[in-house]
Structure formats: structure tokens, C-alpha cells
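First comes the structure, then the notes that go with it.
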Amino acid sequence: MKISLKTKIAFWVWQRFRFKEPENKFQKISTLGNGIRSLLIILPRENSHLPLAQHFLKSLTSRGQFSAVNKIIGWEEQKDILDPQLLQRFQSISENDINRYGLLTDEAIKKLTNGQFNGVINLDPLFNPTSYQLVSWFSSVPRIGFSSEFGRDIYNIIIDSNNGANYIEQGYEYILEVLGL
């Protein structure tokens, strides 16, 4: 996905002035804890990565952990492609939610991030400013995503994309391990 220079500059400015700085709060993952009970999952923007993301979500179902997914955010045109079970928790981003700089409007961010979540997972392996805006809205919960130039300041847990040809599948497995699912 090619991102325009205008959008990159707008995202950089947004990140510098509007970005909520993550809290440097120590968090511990333990088998004795309650675990993550409410997840916000952001789907990949490109439909070519969507089948792997759906497979990841179905693996949560097979493990009996899909109830932890409170909201799935994707794009309007993905409604026709998604599995009907996923549509129950799906909220879409439309073209009306994007401003002229290619970023989400403040109203759209508030609408999409409405709710209480114990963790946020960005399943998009490529840089997408709208996904990063959504993830960065949450400052005190675990934020998991793939590494990128902008992601190092946003995510608590970063999946390195330099680990070979199957890094997306390996990244999804890593997410399951880290969350104890």
C-alpha cells in the first residue's frame, strides 16, 4: 500500500502533537492472573492479508478464547469478505471517517475506540496511519503490532518483521503465546 507524502507528514504532525504518550507502567503477564478478557483487534487494510487475520481470529474460536474479542475494526469493503461470525463484533471505517490528509477524524477515533479494552492488537503487518491512530489512543493497555518506523513508540509488544518469509504467521503465533491463549 503506497502512502502519500501528504499523509505521512500529517501523521508525523499528528503523532507529535496529538499522540497520547504511552504510560511507562510495569505490566506483568502471569499464569496466575485473570488474563486479557476484552480485546480490540484491528484488521489489515489490504485484503490480501485479510485471510491470515481471519485464520488468527478463527484460531481464537477453536481455543475457546473468541469471547475475549470485544470489537473488531476493519474497513467498509471488508464486510462482504469477512466470516459471518466475525461480523457480530465488527465496526467499520468508512471514507467519511477519513479527513483530507488520510487520517481519522477525532469523532471517528472516539466512536471506534469507545469501550473498555484490556489489550489492542493491530494485525496489519504494513504501516497504516489509521491503524496506528487507533492503537495509539490507548495509553495504558498492552498494544501489540508489527514493527515499523512509526510503531516503535506506539506498541508495548512489537513483532519483528525481519524473521523470514512467514513472519505474519509467526507473528500471529507469537501474539497467542504472549497473551497466553
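Throughout, read-outs are computed from the coordinates displayed, never taken from laboratory work. None of these values were measured; they are calculated from a predicted model. Here the Cβ positions follow ideal geometry from the backbone for every residue, glycine too, while neighbour counts run over all protein chains shown.
In the set Leu104, Leu126, only one residue is touching a residue at least 40 places away in the same chain (Cβ under 8 Å) and of a type in the set (A, V, I, L, M, F, W, C); that residue is Leu126.
Residue under question is Ser67, and the condition is that it be among the polar types (S, T, N, Q), assigned to a helix (DSSP H, G or I) and loosely packed, with under 13 Cβ neighbours inside 10 Å; does it hold? Yes. Taking first residues from the range 63-83 that are within 19 Å of His49 (Cα to Cα) and touching a residue at least 24 places away in the same chain (Cβ under 8 Å) and partners that are of a type in the set (D, E, K, R) and surrounded by 19 or more Cβ atoms within 10 Å (Cβ to Cβ), the Cβ contacts under 7 Å between residues at least 6 apart in sequence or on separate chains come to Trp75/Arg45.
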